[in-house]
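Notes to accompany the following structure.
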Amino acid sequence: KSGSNEAIIWAMTKTYLHWSLTPYSIYVIFAVVLGFAIYNMNKPYAVSSGLSLLTENKDKLNKLDGIVDTLTLFAIVGGVSGSLGYGLLQIGSGLQNVFGLSTGPILWIAIAVVIVITYCLSSLSGLDKGIRWLSDKNAWMFIVLLVFILVLGPTSYIFKITTQALGSFVNNFIELSTYTAPFANNTDSWPQWWDMYWFADWLAFGPITGLFLIKLCYGRTIREFITINLLLPAGFAIIWFGVFGGTALNLQISQGVDLVGYIAKYGNEALMLRVLDEFPLAFLIKPFMLLLVALSFVTLADSMTSTISLMSIRSKDHIEEAPMKIKLFWGILMGATSVIFVICGGIEGVKVVKTIAGIPILFLGIVMVFAFIRYFAKGGVEYIEKSEEDTGMIQKMAIDEEISQVDK
């Protein structure tokens, strides 16, 4: 029942399902497979290198390489464009809320131009100077905002609902992950329009994000890699949505603020700034929040532009940065695609393009994971030892002792 205690916990656990362990697990799975193939087996910096674990037959690999890499590029362009499209809606709604600007196609195009120029310039400045500087500053600003809401918001309620929702999430993780509502008399379309949508969304980003992460985590063990790229971000997501979700629920349920009606009138993308209206210094916090949202999408597109551009280059050598013209091409393409889908379909158009982009990657991921497990089951660790003896090749993405134990 809407508004009941059960509905509140259900909403929080669904949020944790969509934004904590599941997405980061997808990234890490792709990253581990690709990291081993690229750094330990000295394969090209491309998603198709993950298939090297399936077969060493070069003729078969050559036929699959182009198909897999093209499919991956299609998926990530769709995924990033969809995310940028949602960003245009969110920032446009925020500018309307804060400055009274009329949101619509003209404003969306203007926002897209600013974002594209910003992330293209950041990407052109190089991985270290651009992406790491932006992501570092953006992360700290999010932490400041998180502490602000936690201290001045309903702190006790936030701690309680986060604790109970987390317990529900852990206890029901399998059931939540496999809920599909397959019954003929069932009118519940939630899993198709939300659970599966988010799953497809994360899949669209999986291979390219995996490539990006292994570039940043050069030299780490698998244990270190999983801790930094799965456990920590998933934990932060749980805290983040506990704080902001708990605050919004408290306003709706306990303080009588009609956030549901506001969403119905202005859309989901407008909710965050409405919540901030209930806090002190809202006139300062809301522009700060808009800046954070814009930087988040710049950082996302920035990292993906650099990774896609590198993947577009066919070279036996591991190149650190792609040429500027390639970065510009991909940056402009993703920005233009996001504008088109937002103007044509709004939030529904964004959801459709991201779903279409992500589904094919599911099958690619299954094949790569199967190849990875099969490779080590057949004695893959011996390949590492032999490579080091014959060529002196140093393991660049170190494989944990746990892999050796599993193999034995």
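In the full protein context, segment 163-304 carries 48 Å² of accessible surface per residue, based on a 1.4 Å probe and ignoring ligands, DNA and RNA. Please compute the net charge surrounding Ser254, taking Lys and Arg as +1 and Asp and Glu as -1 over other residues with Cβ under 15 Å from its Cβ. Result for the local shell: -1.
Please give the Cα centre distance for segment 170-238 versus segment 328-343, rounded to the nearest Å. Cα centroid to Cα centroid, the span is 25 Å. Here segment 7-97 is treated as an ellipsoid with the same Cα gyration tensor; its semi-axes, largest first and in whole Å, are 36, 19, 11. Among Tyr86, Tyr266, the order of accessible area from largest down is Tyr266, Tyr86, computed with a 1.4 Å probe on protein heavy atoms. Pairs exceeding 32 Å between alpha-carbon atoms, taken from Lys14/Lys43; Lys215/Lys325; Lys43/Lys325: Lys14/Lys43.
The values are calculated or read from the model by the stated rules, or taken from the named source; none is laboratory data. As the structure is a computational prediction, the values presented were derived from the model and not from experiment. Neighbour counts run over all protein chains shown; Cβ positions are idealised from the backbone, glycine included. In case anyone asks, the SASA skips ligands and DNA or RNA and just uses the protein heavy atoms, side chains included. Shrake-Rupley method; radii C 1.70, N 1.55, O 1.52, S 1.80 Å.
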